1. How high is the relative contact order of the chain, given as a whole-number percent (alpha carbon pairs under 8 Å, six or more residues apart)?
2. I need the semi-axes of the equivalent ellipsoid of the chain: take the C-alpha gyration tensor, multiply each eigenvalue by 5, square-root it, list largest first in whole angstrom.
3. Using Cβ contacts closer than 10 Å as the measure, can you line up 217, 29, 185 from fewest to most?
4. Taking a point 7 angstrom from the Cα of residue 22 along the C-beta vector, which residues in region 199-216 have backbone N less than 20 Å away?
5. Please rank 137, 112, fewest neighbouring Cβ atoms within 10 Å first, as an exposure proxy.
6. Can you tell me which of 78, 237, 210 moves the most in a GNM of the chain? Springs connect C-alpha atoms under 10 Å apart.
7. For 273, 99, what ranking results if the residue with the fewest other Cβ atoms within 10 Å of its Cβ goes first?
8. State the Cα centre-to-centre distance between region 219-276 and region 177-213 in whole Å.
């Protein structure tokens, strides 16, 4: 159910963005990326409490943790399932069997399967060629789907990667398994709104609405929300945010700011009740 009152006519921005979707999914990453902020650590009960508040606010999907890296994340996702959280529960995983198995053990609905896509990160982080990395990613994607979980491809450092190579990788994987979303990450916060709009536009031109496009933006230059909104204007159907913008380094796109702009500037529908977000913000500040 939509909690916001929407105007009968579109905003002035809509004619500027022919690919602007009518509705956007809101994905919250506070439980995973938020814990990477300096000095932030959640107990199991705090994770479940925050998940409950975000669920009550109408967030569509929770990036609820990285079970392969943390026993507490695995236990927290299991407990969220037991508590009857209505929002979708997703687990982050690398494209390796042990990670995917832990996501399944956590009883996740979906997996955010991440892999570096820029040549720099492939060399420096994985020591892999692009061809080898593509094979690993495909195998991991097939593993996720074979275990009955929905697949989200997360392209780490996509804002600095070769677009043609990423497009080929999406084609290769989506030809073998269903892909729920493609998450384009500005991992180091290096994008501008114009470059993000152009990047998402390339993917939208290639895949249209066949695969839902999503962004994950970092705030190193204070542009996480602006880049997220530019992506929506270019056709992204989902966004990732965190409560109060907390996250690794300078943080992520702020949930409340993004929701407010989607509501009042872009006139895009979503399922988040902004009045309920006050409780989540107060909790995280407490």
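Any read-out appearing in this document is the output of simple, stated calculations on the displayed coordinates, not a laboratory observation. Not measured: the values here are computed from a predicted model. Note that each Cβ is placed from the backbone with ideal geometry, even for glycine, and that neighbours are counted across all protein chains shown.
1. RCO, the chain: 25 percent.
2. The three semi-axes for the chain are 26, 24, 17 Å.
3. 185, 29, 217
4. 208-214, by backbone N distance to the label point.
5. If I rank by nearby Cβ atoms, fewest first, I get 137, 112.
6. Evaluated over the chain, the most mobile residue of the options is 210.
7. Taking fewest neighbouring Cβ atoms as first place, the list is 273, 99.
8. That distance is 15 Å.
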